[in-house]
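A.B. asks: What follows is a single structure, and I will ask about it in a moment.
The values are calculated or read from the model by the stated rules, or taken from the named source; none is laboratory data. If you're wondering where the values come from, they're calculated on a predicted model, not measured in any experiment. Because the Cβ atoms are built from the backbone with ideal geometry, glycine has one as well, and the counts that use them run over all protein chains shown.
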Amino acid sequence: MERNPPLKRTSLDCSNGAQIRFVTLEESHFIEEKDIEELGKEIHRYFESEFYGPDVPICIDLKKIDFLNSGVLGKLIIANRMQKEHYKKPLGIVNIHPHVHEIFQGTSLGTTFNIKSTRQEYLDSL
């Protein structure tokens with residue numbers, strides 16, 4: 001059976017002229033090591049592709065994620081580091097399941113990322 005890619009990307013032009021790139025994780029959870037590695041490669045490709053620009057932030061949408069393990073969290077930390085290198089601002093994360101949000105708060109990563117409840121709240125924060 002052919003699998004869907006782990007990420008889905010969409011572009012959004014904001015009313016203030018800014019551009020935002022939303023990336024949605026398409027799996028409900030990533031458990032297998034090979035899936036986590038593929039997720040990392042996919043995120044890395046985004047930062048190296050024309051989809052991303054140094055003045056265009058990426059925001060990760062976790063609306064489909066109901067479980068987040070340390071491997072995926074590590075990939076998000078790497079993406080955050082890449083975002084800060086290119087854009088000079090933290091990675092946006094939106095639509096977090098309450099259980100997953102507890103993981104961010106419990107690890108003190110809640111302040112490392114630009115975490116917002118919705119895409120609109122993220123856009124309003126820019």
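A.B. asks: Could you grab me the full set of residues in region 67-126 that are farther than 27 Å from E33 by Cβ, assigned to a loop (DSSP other than H, G, I, E, B) and free of Cβ contacts under 8 Å to residues at least 12 places away in the same chain? Can you show your working first?
C.D. replies: Applying the first criterion (farther than 27 Å from E33 by Cβ) to region 67-126 yields 86-89, 111, 114, 116-126.
Then drop every residue that is not assigned to a loop (DSSP other than H, G, I, E, B), which leaves 88-89, 117-118, 126.
Result: K88, single match.
A.B. asks: In addition: Among the residues that make up region 44-54, is at least one of them at pLDDT 80 or above and within 14 Å of the chain's Cα centre (by Cα)? Lay out the reasoning, then the answer.
C.D. replies: Initial filter on region 44-54 (at pLDDT 80 or above): none.
No, region 44-54 contains no residue that is at pLDDT 80 or above and within 14 Å of the chain's Cα centre (by Cα).
A.B. asks: With the requirement that a residue be modelled with pLDDT under 90 and within 13 Å of K63 (Cα to Cα), what does region 99-126 give you?
C.D. replies: Of everything in region 99-126, those that are modelled with pLDDT under 90 and within 13 Å of K63 (Cα to Cα) turn out to be H99, V100, H101, R119.
A.B. asks: Sticking with this structure for a sec: Within region 24-35, is there a residue that is loosely packed, with under 13 Cβ neighbours inside 10 Å, of a type in the set (S, T, Y), at pLDDT below 80 and within 15 Å of Y87 (Cα to Cα)?
C.D. replies: Checked against the condition, which is being loosely packed, with under 13 Cβ neighbours inside 10 Å, of a type in the set (S, T, Y), at pLDDT below 80 and within 15 Å of Y87 (Cα to Cα), region 24-35 yields no hits at all.
A.B. asks: Also, I was wondering about something else. Just one of the numbered conditions (1) under 16 Å from E27 (Cβ atoms); (2) exposed (fewer than 14 other Cβ atoms within 10 Å of the Cβ); (3) not acidic (D, E) is not true of L62; which one?
C.D. replies: Among (1) under 16 Å from E27 (Cβ atoms); (2) exposed (fewer than 14 other Cβ atoms within 10 Å of the Cβ); (3) not acidic (D, E), the lone unmet condition for L62 is (2).
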